[in-house]
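Heads up: the structure comes next, in structure tokens.
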């Protein structure tokens, strides 16, 4: 875009010069391209706005529309509640908090509070003073089998790989994690130099491709894993079973993004499509999976090891729980990804119609752990369209201990939801490997925005907790949250998602709502016997 910008101005000056030779008064016309040239040069060298750096002058059209939005949105642009997959309302709150500008809402809610599905939190008359609450609440992750537990923030960066994201995006995210004191999940694309440069806490995700710890044939390599897992910056290990946007499909890195550098980091061949297998080769049963987790915990020196999954067949997750009881091997955490989770590239059918949504998934996993008497040992991390403090509080109420956000952090980086993540043409330099576009993303500025978004959102969650009379967001329960089920009635979450008694899944009679799944579940295999026989 830069060379086109200069060529256009060169042509304009040439035309004006020709006109000036014939009509001298036309020389005044040269002021206009001179002005636009100065504005464009300013845009190229400023660091606050990636769009303007990559698209000088032209990019200002977007900012003009943003500033005129209150007056023209009824006719020319979407309303606050429009826009998919992320509405303008939530994009705006992320931008405002990331930039540190006014994030209050004038004139009341834009939502119809009598529409089915509307949700709210019940506050307390005996509200607490936020000044008396811990502004940086943390959660200790690590079962009794873990010797190096990790104190995690309530909000962290969800899994996004280098390769899917640019090196500047990874640098900015990790810089934000370091500034704000929260963790940065590497995604399944391995640990790159960019993850390590700023010293932010890392959660190393191990996917089905075993990138960064694999042999040439794609199998798991324990030596490679141990070398990286024992780095001081790596705080936890996450074994990815599935992700919400494409459960059971495996990851996709297009050949256009698979550079020599990325191939070196992932230990694969460059300039080829890299498609992760749909399932792991290191294990094939729940018991084998737990033995693999135990192996990773030992190789890492005792760091927390957990799993990430989007809930599919309920009996398969219960099979994992039965295997935990059978073997005595306990994961330190479970990351629950909702079917609404995001990705840079996935088939439409997978994004739209596969996998349990986050709210149902959290409640089910939390209930299973409670029913098997495992809830105190295993922490639950919620991931899937978490942008605001309410999203966090709702997830915590359903049973999560902390939250991860991917697209929220991308918006804090400057993502404008152009929906071209899978084309290598991301205009903000985030989801691309095109150096011309990456150049526009200023790491220092965007790292500060990521940290500021985290700080302001966490502050809002603590503020909401104080309004509920709670000393910490983590104390919220299902009894605090309501959902409207029709125009006249609403139910509390503890009525919509009734919790089983602790240990009630260990012997008959099982709770009726879970009985079928419990009878199907088997510690020796994921798929129930009844379905294998077909």
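What follows is calculated from the coordinates using simple rules that are stated; it is not laboratory data. Note that the structure is a prediction, hence the values are computed from the model and not measured. All Cβ positions, glycine included, derive from the backbone under ideal geometry; neighbour counts span all protein chains shown.
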- Size of segment 446-534 as Cα extents on the principal axes (Å, biggest first): 54, 41, 29
- Task: Give, in whole angstrom and from largest to smallest, the semi-axes √(5λ) of the equivalent ellipsoid of segment 154-281, with λ running over the eigenvalues of the Cα gyration tensor.
- Result: 22, 15, 15
- Query: What FRET efficiency comes out for the pair residue 196/residue 101, r = Cβ-Cβ distance, R0 = 30 Å, nearest 0.05?
  - Reply: 0.40
- Item | Coordinate range along principal axes, alpha carbons of segment 384-440, Å, largest first | 44, 18, 16
- Message: Counting other beta carbons within 10 Å of each residue's own, what order do 486, 332, 217 fall into, fewest first?
- Response: 217, 486, 332
- segment 344-386 and segment 115-174: distance between their alpha carbon centers, rounded to Å: 16 Å
- Work out the FRET efficiency for residue 84 and residue 45 from their Cβ-Cβ distance, taking R0 = 41 Å, and round it to the nearest 0.05. 0.70
- What do you get for Rg/Rh of segment 299-355 when both radii come from the Cα atoms and Rh is the Kirkwood radius? 1.08
- Item | Size descriptor, Kirkwood hydrodynamic radius, that averages inverse alpha-carbon separations across segment 77-212, Å | 18.5 Å
- Message: Please rank 99, 446, 175, 501, fewest neighbouring Cβ atoms within 10 Å first, as an exposure proxy.
- Response: 501, 99, 175, 446
- Residue separation between residue 463 and residue 516 times 0.36 nm, minus their alpha-carbon distance, gives in nm 14.9 nm
- Item | Computed lengthening from residue 112 to residue 288, 0.36 nm per intervening residue step minus Cα-Cα distance | 58.4 nm
- Note on the structure: Options (i) 28.9; (ii) 23.3; (iii) 25.8 are given for mean projected area of the Cα convex hull in nm², and the computed one is (i)
- Query: If you take the beta carbon distance between residue 231 and residue 126 as r and set R0 to 56 Å, what does 1/(1 + (r/R0)^6) give as a FRET efficiency, to the nearest 0.05?
  - Reply: 0.75
- Note on the structure: Fewest-first ordering of 23, 120 by Cβ atoms within 10 Å yields 23, 120
- Under the Debye formula (equal points on every Cα, no solvent term), log10 I(q)/I(0) of segment 292-411 at q = 0.10 Å⁻¹: -0.32
- Note on the structure: Under 15 Å by backbone N from the virtual spin label 7 Å along Cα-to-Cβ at residue 416, the residues of segment 90-131 are 92, 95
- Message: Multiplying the sequence separation of residue 138 and residue 444 by 0.36 nm and subtracting their Cα-Cα distance, what value in nm do you get?
- Response: 107.6 nm
